[in-house]
Amino acid sequence: DEADLGSRERLLNTDIYPLIKILKSKKTTTRKPSTVQRLNGTSFEIFLRAVWISINILAKEFESKPIREHLLKIEIEVLEFKHDLNDSDEDKGESNNLARQLLTGCLGGLQKVFEQMEVRVPQNTEEERLQQTHWNKVIPIQLILDIGNLKCSKSLSPVLRFNVRVFSEDLEKEPISTFFSWSFPSTHPERVLYESIIKIKSIWSNDHLGNISLPVFTLDSNNMAAIYFAADEEEANRLLINALTNITLKDVPQINSEIDPELRQLLRTLLLDYRTWMNVAVDEGIYTANREQLPNFLNNYSKLAKSLLDSKKRGSEALLKQFYKAFFIVDQDIELNDPFLS
């Protein structure tokens with residue numbers, strides 16, 4: 001009763017909806033601290049999954065509007081590699097260098113994959129009805145991977161720490177920043193592939209390039225059986241890693257002058273492609289090798305296979321039997337002239 005009648009009148013005639021909207025709005029400056037999320041999988045898969053998780057976090061802050069209206073760009077930055085490699089007695093810092101070499105082999109070239117990705121989103125409901133190729137808004141995704149300066153340290157549980165930042169078109173808003181930890185043990189398939197390439201390079205040296213013969217790699221029967229009957233992929237990878245030291249190069253006869261000249265040239269080209277793919281995989285990364293070298297190898301592999309099926313070419317029948325086993329790891333007791341793989 002003692003309240004000012006004029007104030008009461010103004011309050012009754014005030015549109016209170018904007019006030020309620022302000023009071024109920026989420027304050028983007030008081031985000032909860034980001035917890036580190038652990039991920040398992042292959043490198044490209046886990047980076048994409050991390051991006052998806054981060055985009056969903058941003059979407060929750062813009063519940064009133066579609067996320068497509070706010071996405072500007074995405075950055076993935078690799079922060080640290082906690083590895084399980086050991087130093088030698090002579091070099092106490094060798095393990096960190098080996099860790100960087102490992103990452104170069106396993107992740108090298110992945111930056112280019114993200115650069116070439118064209119992530120498109122519709123700008124409005126009209127574009128939503130069109131095919132994706134007609135969506136005009138492109139969201140760049142950048143992988144920041146400075147392996148030469150990457151922080152490395154030893155750990156019993158190898159992990160790669162990285163951060164995903166999702167930027168919105170509202171420049172006043174801080175980007176969503178989410179931290180992830182990728183499990184990268186010795187049995188990880190990408191590590192197993194890298195270590196296998198290192199092993200093959202060591203036993204199939206450059207000296208063999210002077211000889212025109214198909215490379216056939218062998219492993220003893222016990223190890224082959226153990227890998228074959230492995231309970232799952234992780235156990236198979238563990239068994240293969242442990243058996244790498246036992247892999248040998250089978251003594252394959254050289255291709256003599258009686259072989260059809262076209263077959264000789266195709267084989268020479270294929271062997272050079274194989275060596276180049278391995279060198280690039282180790283020095284520049286498997287992603288780089290698969291993008292730049294693997295298509296040539298597969299194309300020439302197909303050409304040689306088709307040419308060997310032509311029984312009119314001299315030496316094609318004998319070479320075809322060896323070709324079935326080339327570039328594979330086979331049982332050490334296998335016969336080169338068998339017309340099949342047992």
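Every number here is computed from the coordinates shown, using simple stated rules; none is lab data. If you're wondering where the values come from, they're calculated on a predicted model, not measured in any experiment. Cβ atoms come from the backbone with ideal geometry, glycine included; neighbour counts cover every protein chain shown.
Can you check what the net charge comes to around GLN322, using other residues whose Cβ is under 11 Å from the Cβ of GLN322 (Lys, Arg +1; Asp, Glu -1)?
Residues close to GLN322 contribute a combined charge of 0.
Residue farthest toward the positive end of the dipole of the chain, with Cβ of Lys/Arg at +1 and Asp/Glu at -1: which of SER181, LEU263, SER302?
Value computed over the given set: SER302.
Only loop residues by DSSP count here, and only those with at most 13 other Cβ atoms within 10 Å; note down the trypsin sites (Lys or Arg not before Pro) in region 115-152 that meet that.
Filter output for region 115-152: ARG129.
For region 189-342, state the semi-axes of the equivalent ellipsoid (square roots of 5 times the eigenvalues of the alpha-carbon gyration tensor), sorted largest first and rounded to whole angstrom.
27, 20, 13
Loop-only check: which GluC sites (Glu not before Pro) in region 160-243 are DSSP coil with at most 13 other Cβ within 10 angstrom?
Those that pass, being in a loop and sparsely packed, are GLU169, GLU172.
Give, rounded to the nearest 20 debye, the magnitude of the charge dipole that the chain has about its Cα centre when Lys and Arg contribute +1 at Cβ and Asp and Glu contribute -1 at Cβ.
Result for the chain is approximately 500 debye, rounded to the nearest 20.
At what distance in nm do the modelled label points of ASP84 and GLN37 sit from each other, each positioned 7 Å from its Cα along Cα→Cβ?
So the two model labels end up 2.5 nm from each other.
Based on alpha-carbon positions alone, could you give the equivalent ellipsoid semi-axes of region 178-266 from the gyration tensor, as √(5λ), descending, whole Å?
34, 17, 11
I need the calculated FRET efficiency for the pair LYS303 and ARG120, taking r as the beta carbon distance and R₀ as 41 Å, to the nearest 0.05.
0.65
Can you tell me the length gained on complete extension of the stretch LYS151 to GLU169, counting 0.36 nm per residue apart and subtracting the Cα distance?
3.3 nm
When the helices in the chain are scored as -39500 (n - 2.57) per DSSP H run of 4 or longer and the sum is shared across all residues, what 222 nm value do you end up with, to the nearest 500 deg cm²/dmol?
-13000 deg cm²/dmol
Want the number for PHE179 to ASN279: 0.36 nm per residue separation, take away the alpha-carbon distance, what's left?
32.7 nm
With 25 Å as the limit, write out which pairs from LYS73/LYS173; LYS60/LYS173; LYS201/LYS250; LYS112/LYS137 have Cα-Cα distances beyond it, or answer none.
The answer is none of them.
Please state the equivalent ellipsoid semi-axes for the chain: what are the square roots of 5 times the Cα gyration tensor eigenvalues, largest first, in whole Å?
Those come to 58, 25, 17 Å.
Run the Debye formula on the Cα coordinates of region 272-342, all scatterers equal and no solvent, and tell me log10 I(q)/I(0) at q = 0.13, 0.22, 0.24 1/Å.
-0.49, -0.96, -1.01
Which value, to two decimals, describes the C-alpha radius of gyration of region 69-167 once divided by 2.2 N^0.38 Å?
Scaled against compact globular proteins, the figure is 1.50.
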